[in-house]
Amino acid sequence: MAALGKTVKYLRQLKGFTQKEIYSGITSRSFAIRFEQGQHDISASKLFALLDRLGIPADEFRYIQQGYQLTPAEQQLTVIDHYYHQEDFMSLRQYMTVPTDAPLWAQTNAAYARLLVAAWDGRAGALKDSTQRFLTHLLAQPQWTLQDIRFIGMLIVPLLRQPDHERQLAAITTRMEASCARYLQDLSDPHNVRGELLNYYFVVFQAEATLRHMAAAQASTAKALVFPDTQLNWSDRLLKKAIAGLAAWYFGEWSEGTRIIGTITGFLELFDPNADRVLPTIFRVRRADARQYRKEKDPH
């Protein structure tokens with residue numbers, strides 16, 4: 001990993017700026033020279049000021065500074081998500097267990113992988129002690145960061161098996177919405193937090209529908225469907241339409257649900273079937289469950 005100053009120098013020269021243009025008013029010329037030689041460190045506030053002048057976000061700077069690589073934690077999460085969306089649970093299993101002395105990020109990723117499998121399986125029995133500790137720690141936080149927001153949807157299935165799940169889920173939803181709101185601007189969503197919140201409502205809807213908590217399931221779909229399409233990216237617009245189709249199967253006109261899901265399925269068939277197997281599987285499972293629910297509701 002290169003020294004911070006050497007990466008700043010690389011980017012400065014790449015963009016064709018002089019030291020004076022980048023460092024003036026932030027550091028002295030002598031400090032800038034030694035900093036770019038890797039001989040000095042720099043405060044976070046000054047580094048951010050330099051990055052603003054360079055037009056480089058902090059995340060991108062870190063990525064470049066590591067040789068155009070994600071961090072080990074981010075690389076592993078990418079692999080875990082890949083195997084999950086491929087439904088390759090045999091490959092995913094290798095990331096579910098780590099030594100007790102593994103780095104904290106590896107233990108966190110392992111807990112995330114186990115929760116993914118538990119959520120997919122739908123039969124969240126007793127959690128491993130390490131996973132339970134991860135869950136307890138996450139729920140104890142008064143506010144969530146982006147990583148927490150990403151992980152929280154995987155906690156829903158385990159939580160719904162708890163006796164007081166209604167109280168816990170209400171508290172989690174309130175905290176999820178408040179945490180997401182801190183990252184949202186009127187016209188921007190740089191971290192795709194709306195998509196994370198939409199996915200959260202999607203997970204809650206499915207879990208509650210499976211347990212036949214239909215008022216809660218409908219409430220989640222109602223929250224998801226009020227997102228303006230103009231504030232969503234294309235994949236999230238697709239997810240919103242999927243929620244609308246599934247909600248129609250459960251609570252509305254069956255034919256309308258079939259039309260929406262059929263349209264989405266036809267769109268997905270334009271691509272490699274191995275690109276993402278999760279959504280088609282969800283459609284198959286939800287279609288069967290919605291049929292069963294309608295029979296339970298009206299046996300005749």
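The values are calculated or read from the model by the stated rules, or taken from the named source; none is laboratory data. Keep in mind the model is a prediction, meaning the values are calculated, not measured. Virtual Cβ from ideal backbone geometry, glycine too; neighbours counted across all protein chains shown. For the accessible areas, the whole protein counts, side chains as well, though only heavy atoms, and no ligand, DNA or RNA atoms are used. Shrake-Rupley method; radii C 1.70, N 1.55, O 1.52, S 1.80 Å.
List of remarks:
- Accessible-area composition of the chain, carbon plus sulfur, in percent [1.4 Å probe]: 55 percent
- Label separation (residue 85 vs residue 133): 3.2 nm, computed from points 7 Å beyond Cα along the C-beta direction.
- For region 2-57, the list of chymotrypsin sites (Phe, Trp or Tyr not before Pro) that fall in a loop by DSSP and count at most 16 other C-beta atoms within 10 angstrom reads 17.
- Neighbour net charge for residue 293 - beta-carbon separation under 14 angstrom, K R +1, D E -1: +3
- Computed over region 190-264: relative contact order in percent, which uses C-alpha pairs under 8 Å that are six or more apart: 25 percent
- For the chain, the number of Lys pairs separated by eight or more positions or lying on different chains, with C-alpha atoms closer than 18 Å, is 8.
- FRET efficiency for the residue 3 to residue 297 pair, using the beta carbon distance and R₀ = 45 Å, is estimated at 0.10.
- Label-to-label distance for residue 282 and residue 94 is 2.8 nm, based on points extended 7 Å past Cα in the beta-carbon direction.
- Look at the Cα gyration tensor of region 103-229: its axes a ≥ b ≥ c give a/c of at least 1.5 with a/b at or below b/c, and that counts as oblate.
- Cα-based Rg of region 1-97 normalised by 2.2 N^0.38 Å, two decimals: 1.46
- Between helix 104-121 and the chain: long-axis angle, C-alpha atoms, 0 to 90°, nearest 10: 20 degrees
- Of the chymotrypsin sites (Phe, Trp or Tyr not before Pro) found in region 202-300, those that fall in a DSSP loop while having at most 12 other beta-carbon atoms within 10 Å are 271.
- Using C-alpha pairs under 8 Å with a sequence gap of at least 6, the mean separation divided by the residue count of the chain gives a relative contact order of 11 percent.
- Most mobile of 242, 217, 181 in a GNM of the chain (Cα contacts under 10 Å): 181
- In plain terms, if you count all Cα to Cα distances in the chain and split them into 20 Å steps from zero, the share in each step is 27, 50, 20, 3, 0 percent.
- Region 132-195: trypsin sites (Lys or Arg not before Pro) in DSSP loop, at most 15 other beta carbons within 10 Å: 161, 182
- Surface analysis of the chain yields an accessible area of 56 Å² per residue, using protein heavy atoms and a 1.4 Å probe.
- Multiplying the residue separation of residue 171 and residue 43 by 0.36 nm and subtracting their alpha-carbon distance yields 42.3 nm.
- Global geometry of region 185-300, whether rounded, prolate or oblate, following the gyration tensor of its Cα atoms and the 1.5 cut on a/c: oblate
- Förster-model FRET efficiency, 35 Å R0, residue 210 and residue 52, C-beta, rounded to 0.05: 0.15
- P(r) tail for region 20-179: Cα pairs beyond 20 Å make up 62% of the total.
- Largest first, the residues 203, 285 sort by 1.4 Å accessible area into 285, 203.
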